[in-house]
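Novice: First, the structure itself, so that you have it in front of you.
The values are calculated or read from the model by the stated rules, or taken from the named source; none is laboratory data. Note that the structure is a prediction, hence the values are computed from the model and not measured. Reconstructed Cβ throughout: ideal geometry from the backbone, glycine too, with neighbour counts over all protein chains shown. Ligands, DNA and RNA are excluded from the accessible area calculation, which covers all protein heavy atoms including side chains. Shrake-Rupley method; radii C 1.70, N 1.55, O 1.52, S 1.80 Å.
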Amino acid sequence: MVQKTGKRWSGRFSAATDEFVEQFTESVSFDRRLYHFDILASVAHANGLAKAGVIAEDERDVIVVGLDQIQEEIEAGSFSWSIVHEDVHTNIENRLVEIVGEVGKKLHAGRSRNDQVATDLRLWLRHHVDQIDAQMTSLLSELAALAERYADAIMPGLTHMQNAQPVTFGHHMMAWFEMLFRDRDRLRECRARVSHSPLGAAALAGTSFPISRESTATELGFEEVCRNSLDAVSDRDFAIEFVFVASMTAVHLSRWCEELVYWSSDLIGFVELPDEFCTGSSIMPQKKNPDVPEIIRGKSGRVLGDLVALLTLVKSQPLAYNRDNQEDKQRLFDAVDTLADCLQILCDLIPQVEPNLERMLEAAGRGYTTATDMADWLVRRGIPFREAHEIVGSVVAEAESRGIELKELSLPELQHFSVRFDEEVFSVLSIEGSVAARKQTGGTSPEAVRTAIAEARTRI
């Protein structure tokens, strides 16, 4: 005698699932957060079945009412989730049959859990992509506002972590802006590929019922349908692409946060972080630790780990669906949650960053940061740049050996290195003059920065 297992697929089996196997293979403990989109897609599928004549319209109406009740139960916290029913889809289907009876069993005609989960996941991700897009847009606005407040504030620009040339704080903030703007562009491009409907691909070969995939796709707001049923149910490149975008964004955020940690240290003191975003030490009473940027910097590794896990998950998978893909959700959920949290806290932190204008200005004058301006000055006097570079390098070596700045050398001392030097050279040796001279598009002058900010606001 056949022993039924209580599963929706139990007809083939004569023994119940091993208890540990049941625990090992369940996904409802984490995929239940897809419930809203599973119900949304089930309503669209019911409508498709009714339009195709597979179920009657009154049966469709009964199913939709039952699904609405399930959504209310889940949101009220009264829904009973069970690992016996494996996943979010079967938990909802079983409850539907309890509520509406035998008609609930008709809903799964023409549909597999393979296209069901792919549809749910795309709907869920599209929703969260839109939320993250909104967070990025808010953060872009905050960066532009901070840049505008300090468009004139001079600070050292570094290469190799050494003073290179003076720049403005506003210019530096707009560099962060450009990084995030590209990240948002990548996110929006990703969204277009997420918004393809797998519904109707069924297990792998499509369905024999005359359901219009295009109609259900339109109802669910998808831009188009997945073109091949094998591909539709088996690939997770849309999720991996998002996690790549999240990883690239997290790497950019980690670079900003490294600078905030560096700038806020007592040794540098370029910025003061608000107390609300710092913590203290358990042993050293004087400490004010930049924990928020440090944690964001650390979380970038977490998102990168999610990307590697997903890439490894799909590597060498044969067509079509494989149960390996159950493991995609936790990594995707984690990347979405982590990135959203980091963006939210930076939206709150960035407007409160206060640069120390005097400290930055003083630091910008160290390290012969106007040496390039001196070389450029010689070029305008007809000296080839490579020769000018050599001359100024020798001038810097002389000043460094005497422990003085370039502007402290006398004209006769400069003329020892080149007879082209005259009194006008001293006009380009101030850090204010160096910054003001860089007016080209993308330059660091206050004028160029304000132009960039105005353009950025139209791009946002």
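Novice: Please work out which residue is nearest to Ser265 (Cα to Cα), limiting yourself to region 354-384 and to residues that are outside any helix (DSSP H, G or I) and of a type in the set (D, E, K, R).
Specialist: Glu354
Novice: Which pairs have Cβ atoms under 7 Å, sit 6 or more apart or on different chains, and link a residue in region 401-423 that is over 14 Å from Arg380 (Cα atoms) to one that is part of a helix (DSSP H, G or I) and polar (S, T, N, Q)?
Specialist: Note: pairs meeting the criteria are Phe417/Ser394.
Novice: Next up: Which residue pairs have Cβ atoms closer than 8 Å, lie 6 or more positions apart in sequence or on different chains, and pair a first residue in region 430-450 that is farther than 14 Å from Thr372 by Cβ with a second residue that is charged (D, E, K, R) and in a loop (DSSP other than H, G, I, E, B)?
Specialist: Correct list of pairs: Ser445/Arg438; Ser445/Lys439; Pro446/Asp152; Glu447/Lys439; Ala448/Arg438; Ala448/Lys439.
Novice: Give the residues of region 197-211 that are assigned to a loop (DSSP other than H, G, I, E, B) and either aliphatic (A, V, I, L, M) or open to solvent by less than 50 Å² (accessible area, probe 1.4 Å) (or both), sorted by residue number.
Specialist: Pro198, Leu199, Gly200, Ala201, Ala202, Ala203, Leu204, Ala205, Gly206, Thr207, Ile211
Novice: Which residue pairs have Cβ atoms closer than 6 Å, lie 6 or more positions apart in sequence or on different chains, and pair a first residue in region 274-286 that is surrounded by 10 or more Cβ atoms within 10 Å (Cβ to Cβ) with a second residue that is among the aliphatic types (A, V, I, L, M)?
Specialist: Phe277/Val292; Phe277/Leu349
Novice: Next up: So is Arg255 open to solvent by 30 Å² or more (accessible area, probe 1.4 Å), touching a residue at least 24 places away in the same chain (Cβ under 8 Å) and closer than 21 Å to Glu178 by Cα or not?
Specialist: The answer is yes for Arg255.
Novice: Then there's this: One residue is enough: does region 94-117 have a residue meeting the conditions out of contact with any Lys or Arg (no Cβ under 7 Å at 6 or more places or on another chain), free of Cβ contacts under 8 Å to residues at least 40 places away in the same chain, on the phi > 0 side of the Ramachandran plot and in a helix (DSSP H, G or I)?
Specialist: Within region 94-117 (the criterion being out of contact with any Lys or Arg (no Cβ under 7 Å at 6 or more places or on another chain), free of Cβ contacts under 8 Å to residues at least 40 places away in the same chain, on the phi > 0 side of the Ramachandran plot and in a helix (DSSP H, G or I)), the answer is yes, since at least one residue qualifies.
Novice: Need pairs with beta-carbon distance below 9 Å; first residue in contact (Cβ under 8 Å) with a residue 40 or more places away in the chain and assigned to a helix (DSSP H, G or I) and within region 220-237, second exposed (fewer than 15 other Cβ atoms within 10 Å of the Cβ) and among the basic types (Lys, Arg); sequence gap 6+ or separate chains.
Specialist: Pairs that qualify, where the first residue is in contact (Cβ under 8 Å) with a residue 40 or more places away in the chain and assigned to a helix (DSSP H, G or I) and the partner is exposed (fewer than 15 other Cβ atoms within 10 Å of the Cβ) and among the basic types (Lys, Arg), are Asp237/Arg193.
Novice: Only one of these conditions is not met by Ser418: (1) touching a strand residue (DSSP E or B) at 6+ places or on another chain (Cβ under 7 Å); (2) at pLDDT 95 or above. Which number is it?
Specialist: Among (1) touching a strand residue (DSSP E or B) at 6+ places or on another chain (Cβ under 7 Å); (2) at pLDDT 95 or above, the lone unmet condition for Ser418 is (1).
Novice: Return the pair list, or none, for Cβ contacts closer than 6 Å from residues in region 120-133 that are over 18 Å from Pro198 (Cβ atoms) to residues that are open to solvent by 10 Å² or more (accessible area, probe 1.4 Å), at least 6 apart or on different chains.
Specialist: Listed pairs, sorted by first residue: Ile132/Ala340.
Novice: Any idea which of Leu429, Leu409 is within 16 Å of Pro166 (Cβ to Cβ) and either open to solvent by less than 40 Å² (accessible area, probe 1.4 Å) or over 48 Å from the mean Cα position of the chain (by Cα) (or both)?
Specialist: Matching residue, one of Leu429, Leu409: Leu429.
Novice: Shifting gears a bit: Take Gly382 and tell me if it is in contact (Cβ under 8 Å) with a residue 60 or more places away in the chain, at positive phi and open to solvent by 20 Å² or more (accessible area, probe 1.4 Å).
Specialist: Spelling it out, it is not the case that Gly382 is in contact (Cβ under 8 Å) with a residue 60 or more places away in the chain, at positive phi and open to solvent by 20 Å² or more (accessible area, probe 1.4 Å).
Conditions (1) surrounded by fewer than 20 Cβ atoms within 10 Å (Cβ to Cβ); (2) hydrophobic (A, V, I, L, M, F, W, C); (3) under 30 Å from Ser430 (Cα atoms), marked per residue:
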residue	(1), (2), (3)
His89	no, no, no
Val117	no, yes, no
Asp120	no, no, no
Thr137	yes, no, no
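Let's see how each residue does on (1) surrounded by fewer than 22 Cβ atoms within 10 Å (Cβ to Cβ); (2) without any contact (Cβ under 8 Å) to a residue 24 or more places away in the chain:
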residue	(1), (2)
Arg149	yes, yes
Asp152	yes, no
Gly157	yes, no
Met161	yes, yes
Thr168	no, no
Arg186	yes, no
Arg191	yes, no
